[in-house]
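*Asks:* Before I ask anything, here is the structure I am working with.
The values are calculated or read from the model by the stated rules, or taken from the named source; none is laboratory data. Please read these numbers as outputs of a predicted model, since none were measured by experiment. Every residue, glycine among them, receives a Cβ derived from its backbone with ideal geometry; neighbour counts consider all protein chains shown.
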Amino acid sequence: MPQLDRIIVFSQIFWLFIIFTLFYTILTHFFLPKFIKSLKIRKQIIDKNSLEIVSIAENTLKIQNLLKKNVLKDLESVKTLLIQHFSNLVKEKSYANPSLIDEKISFVILNTLIYCDLQLLNSIIVYPKVLKYKN
């Protein structure tokens with residue numbers, strides 16, 4: 001049988017090893033470094049993006065905490081002003097008229113209904129200076 005002839009088998013094995021080693025060296029010396037370089041670059045990009053996301057999240061948390069502190073401070077000052085104002089109204093007997101207080105409360109409710117419409121407030125776009133980012 002010709003396929004089992006020893007002369008043919010040795011030449012085929014020889015050329016198989018030669019072609020395999022040539023192919024292996026070409027792959028390891030030319031293509032493998034390019035693949036490794038692209039994988040390293042992708043990993044660096046992912047690491048840099050994750051660091052940037054963390055820094056943006058930290059900045060956002062700092063700004064949110066600052067805004068919360070400012071809002072709480074302002075609400076506290078409004079509370080103290082309202083307490084002082086109403087205590088002055090109660091102390092002064094001329095302003096303690098219940099009809100006058102009812103009139104002022106109705107005026108506040110009317111202004112709230114007129115000027116604090118939810119659709120109107122949602123249509124107003126506000127850009128606080130504290131949240132200014134560089135784009």
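*Asks:* Just to be sure I understand the filter: pairs with C-beta atoms under 9 Å, separated by 6 or more residues or on different chains, first member in the stretch 1-23 and surrounded by 10 or more Cβ atoms within 10 Å (Cβ to Cβ), second member modelled with pLDDT under 75 and of a type outside the set (Lys, Arg). Which pairs pass?
*Replies:* Sorted first by the residue in the stretch 1-23, then by its partner, the pairs are Ile8/Pro2; Val9/Gln3.
*Asks:* A further question follows. Please find, among Asn88, Asn70, Asn59, Asn49, the residue that is assigned to a helix (DSSP H, G or I), more than 42 Å from the chain's Cα centre (by Cα) and surrounded by 10 or more Cβ atoms within 10 Å (Cβ to Cβ). Can you show your working first?
*Replies:* On the way: Asn70 fails: more than 42 Å from the chain's Cα centre (by Cα); Asn59 fails: more than 42 Å from the chain's Cα centre (by Cα); Asn49 fails: more than 42 Å from the chain's Cα centre (by Cα).
Result: Asn88 is the single residue among Asn88, Asn70, Asn59, Asn49 that is assigned to a helix (DSSP H, G or I), more than 42 Å from the chain's Cα centre (by Cα) and surrounded by 10 or more Cβ atoms within 10 Å (Cβ to Cβ).
*Asks:* A follow-up question, please. Do the conditions hold for Ser77, that is, is it polar (S, T, N, Q), at pLDDT 75 or above and assigned to a helix (DSSP H, G or I)?
*Replies:* yes
Residue by residue, here is whether (1) touching a helix residue (DSSP H, G or I) at 6+ places or on another chain (Cβ under 7 Å); (2) at pLDDT 80 or above; (3) of a type in the set (A, V, I, L, M, F, W, C) holds:
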| position | (1), (2), (3) |
| --- | --- |
| Leu27 | no, yes, yes |
| Phe31 | no, yes, yes |
| Lys40 | no, yes, no |
| Ser50 | no, yes, no |
| Lys73 | no, yes, no |
| Lys93 | no, no, no |
| Phe107 | no, yes, yes |
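*Asks:* Got a number for residues in the stretch 40-91 being among the hydroxyl-bearing types (Ser, Thr, Tyr) and within 30 Å of Lys104 (Cβ to Cβ)?
*Replies:* Going through the stretch 40-91 one residue at a time, the tally reaches 3.
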